[in-house]
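Written below as structure tokens is the structure these notes are about.
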Amino acid sequence: LNALKSFYPELENLEEEIDITVTRLLAKIRTLAAMSYKISRGHRVVYPRPDLAYCENFLNMMFDSPVRPYKIHPDVVKALRLFWILHADHEQNCSSSAVRIVGSGRVNLYAAISAGIAALWGPLHGGANQAVIEMLENIQNEGSSIQRVIERAGDKNDPYRLMGFGHRVYKTYDPRAKIMKNTCDTLLSKLTIQDPLLEIAKNLEEAALKDDYFIEHNLYPNVDFYSGIVLRAIGIPTNMFPVMFAIGRLPGWIAQWLESMNDPNWKLCRPRQIYTGPEKTDYAPFGQR
């Protein structure tokens with residue numbers, strides 16, 4: 001994505017050019033994501049169609065093929081649209097802060113957005129729903145009981161942790177998670193998909209909501225807990241989940257960058273560090289070492 005600056009170098013502070021660049025970027029990140037998937041599979045790249053809306057276009061570029069034309073399912077479109085809306089940028093999270101801090105150096109839009117994408121890489125942020133799926137698969141493959149999993153998660157001496165529970169901001173049940181859970185149930189029902197991971201996830205949630213440790217620590221399911229199952233039903237490969245997260249976050253990242261660029265009191269972000277170590281230490285003179 002950062003290489004787009006080489007193709008579209010005309011970006012300046014002129015309002016019209018920025019609007020064009022922002023619109024282009026919103027479209028191209030979706031196209032780049034679908035092209036990357038097709039190339040990784042060794043398939044023919046599918047180009048965007050002007051007659052299709054945003055979500056429909058992405059699904060067609062992802063799954064259409066010369067031997068099996070993709071049929072756009074309205075419930076899949078609705079679920080994808082909802083996924084991107086629920087994963088939109090909100091508050092000063094890890095990736096949004098990365099965009100704002102890098103952008104404060106007056107770098108171009110592409111570089112600032114690339115910083116946000118890089119911040120999504122790990123399992124604690126953009127890869128959280130991928131980590132949830134991998135956790136559910138491990139529970140299934142190992143045949144672990146739900147009660148044993150809950151006990152391990154609440155044991156201070158056990159490094160095991162449940163992914164998809166808890167949030168730095170939401171100290172009650174993540175409101176987005178309720179919507180995503182209903183979407184998950186509806187989509188799998190409409191597509192007649194039997195996903196064993198959904199049953200494990202529901203049992204895990206039910207047990208966690210009754211467990212004293214989880215209640216005491218306000219550990220409720222967050223939006224990542226069910227979103228991975230929705231993406232699986234759509235056909236998105238697990239290693240592409242952070243990419244889907246990035247597409248949903250893009251409009252907010254752009255807004256963060258624009259807000260900084262338009263701030264008349266703009267300053268370079270410079271977080272302060274406060275030294276908390278010892279004020280005085282003994283050391284051997286250089287000649288005695």
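Return the residues of the range 154-169 that are closer than 18 Å to GLY228 by Cβ and surrounded by 15 or more Cβ atoms within 10 Å (Cβ to Cβ); say none if nothing qualifies.
LEU162, MET163, GLY164, PHE165, GLY166, HIS167
Regarding the range 258-265, can at least one residue be identified that is at pLDDT 85 or above, exposed (fewer than 10 other Cβ atoms within 10 Å of the Cβ) and either within 24 Å of the chain's Cα centre (by Cα) or farther than 30 Å from SER40 by Cα (or both)?
Yes, the range 258-265 contains a residue that is at pLDDT 85 or above, exposed (fewer than 10 other Cβ atoms within 10 Å of the Cβ) and either within 24 Å of the chain's Cα centre (by Cα) or farther than 30 Å from SER40 by Cα (or both).
Just to be sure, is ALA118 within 24 Å of GLU206 (Cα to Cα), under 19 Å from the mean Cα position of the chain (by Cα) and not hydroxyl-bearing (Ser, Thr, Tyr)?
So ALA118 fails the test.
Need at least 1 residues that are open to solvent by less than 70 Å² (accessible area, probe 1.4 Å), touching a residue at least 24 places away in the same chain (Cβ under 8 Å) and under 25 Å from ARG106 (Cβ atoms) per element, so show me which helices (runs of 4 or more DSSP H) inside the range 3-93 make the cut, counting only ones lying wholly within it.
Helices (runs of 4 or more DSSP H) meeting the threshold: 4-7, 15-41.
Under 6 Å between Cβ atoms, at least 6 apart or on separate chains: pull out the pairs that start in the range 149-173 with a residue that is at pLDDT 80 or above and end on any residue that is open to solvent by 20 Å² or more (accessible area, probe 1.4 Å) and assigned to a helix (DSSP H, G or I).
The qualifying pairs are ILE150/ALA207; GLY154/TYR213; ASP158/ARG152; TYR160/ARG152.
Are there any pairs with C-beta distances below 9 angstrom linking a residue in the range 201-220 that is in contact (Cβ under 8 Å) with a residue 60 or more places away in the chain to a residue that is open to solvent by less than 80 Å² (accessible area, probe 1.4 Å) and among the basic types (Lys, Arg), with the two at least 6 apart or on different chains, and if so which?
Partner pairs satisfying both residue conditions: ALA201/LYS181.
Could you please find all residues in the range 94-135 being farther than 30 Å from LEU191 by Cα, open to solvent by 40 Å² or more (accessible area, probe 1.4 Å) and not in a loop (DSSP other than H, G, I, E, B)?
Listed by number, the residues that qualify are CYS94, ARG100, ILE101, VAL102, ILE117, ALA118.
The values are calculated or read from the model by the stated rules, or taken from the named source; none is laboratory data. Since the structure is predicted, the reported quantities are computational estimates derived from the model, not experimental observations. We place every Cβ from the backbone using ideal geometry, glycine too, and count neighbours over all the protein chains shown. For the accessible areas, the whole protein counts, side chains as well, though only heavy atoms, and no ligand, DNA or RNA atoms are used. Shrake-Rupley method; radii C 1.70, N 1.55, O 1.52, S 1.80 Å.
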